[in-house]
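The values are calculated or read from the model by the stated rules, or taken from the named source; none is laboratory data. Because the structure is predicted, anything quoted here is derived from the model rather than measured. Using ideal geometry, Cβ is built from the backbone for each residue, glycine included, and neighbour counts are taken over all protein chains shown. Surface areas here come from the heavy atoms of the whole protein model, side chains and all, with no ligands, DNA or RNA. Shrake-Rupley method; radii C 1.70, N 1.55, O 1.52, S 1.80 Å.
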Amino acid sequence: MFFFYMLSIFSLILQLVFATLAIGAGLYYLAELVEEYTVMAKNIITWMVIITAGIHIGLLIFEELPLILNSMGLVQQFLHGLLLKDFPVVRPTGYAFILAILNLISHHYVAFRYFGLAFYPFSEVLAYFTLCLWTVPFALFISLSANDYVLPVTGEKQHLLGDNNVVTDYLSPKSKPYSLLSFFTLAKDSILPQRSKKAF
């Protein structure tokens, strides 16, 4: 009995490792797709925002969820739409980004509190969290890596002369991108073995 229990623990650890690797590979692939096709990614995320807003309107009409949940969801989708206006450029210090983060946190709190007090089947609660809370922020999180390779524009308020101009900041080797794709590329290069080229 003890040996079988130890085998089940080892099997669970192995399954978690495989699931983590599969999720990491999927995120890496999605981040590369978003970098390659930013216009298509913007269109897909825009439709995701519209569909999620439609889901909130449907919940408002057909279900008896509190008005605060649906109104916070609709405000969240409006803020996501504001973030998509400058896509793929995301400004973490912008008012739309900060308001979207604060609204997402408070929406999670209100949803956890409501579904903790009211009885709903687990599948319905998971459907609400997946479709109304997690899908669009997850897509926006993956698309943050597309901002690394956006070409500089001259419409900035900086002058093009001196060391702090747009082109120098973009091409300088000291500025390193901190994104999901760069993290996965670093992890791939440091964990996986590299094939050495044969010298003849």
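Along region 12-20 the Karplus relation, 6.51 cos²θ - 1.76 cosθ + 1.60 evaluated at θ = phi - 60°, assigns HN-Hα couplings of 5, 5, 5, 5, 5, 5, 5, 5, 5 Hz to successive residues, with x for each Gly and Pro. Between LEU102 and PHE78, the modelled labels are 1.5 nm apart [label points 7 Å from Cα along Cα→Cβ].
First measure r as the distance between the Cβ atoms of PHE3 and LEU126, then evaluate 1/(1 + (r/R0)^6) with R0 = 41 Å and state the FRET efficiency to the nearest 0.05. Rounded to the nearest 0.05, the efficiency is 0.70. The stretch between PHE141 and ILE13 holds 43.3 nm of extra length on full extension. This uses 0.36 nm per residue minus the Cα-Cα distance. Compared with the direct C-alpha span, the chain from TRP134 to VAL89 gains 14.1 nm at full extension, assuming 0.36 nm per residue.
In order along region 111-125, the phi-based Karplus estimate (6.51 cos²θ - 1.76 cosθ + 1.60, θ = phi - 60°) of 3J(HN,Hα) comes to 5, 4, 5, 5, 6, x, 9, 9, 8, 9, x, 4, 5, 6, 5 Hz; Gly and Pro are listed as x.
The fraction of accessible area contributed by carbon and sulfur in region 1-96 is 77 percent, rounded to a whole number (1.4 Å probe; ligands and nucleic acids excluded). Protection proxy ranking for 63-71, 16-24, using the average of other Cβ atoms within 10 Å per residue and placing the highest first: 63-71, 16-24. For region 49-104, what class follows from the C-alpha gyration tensor (a ≥ b ≥ c being the square roots of its eigenvalues): rounded when a/c is under 1.5, otherwise prolate if a/b is larger than b/c, else oblate? Note, shape of region 49-104 comes out oblate. Each peptide in 90-99, 3-12, 44-53, 75-84 gets a packing score, the mean of other Cβ atoms within 10 Å over its residues, and the list from highest to lowest is 75-84, 44-53, 90-99, 3-12.
Coupling constants for region 96-109 follow from the phi torsions by the Karplus curve (6.51 cos²θ - 1.76 cosθ + 1.60, θ = phi - 60°), and in residue order they are 5, 5, 5, 5, 5, 5, 5, 5, 5, 5, 5, 5, 4, 4 Hz; glycine and proline get x.
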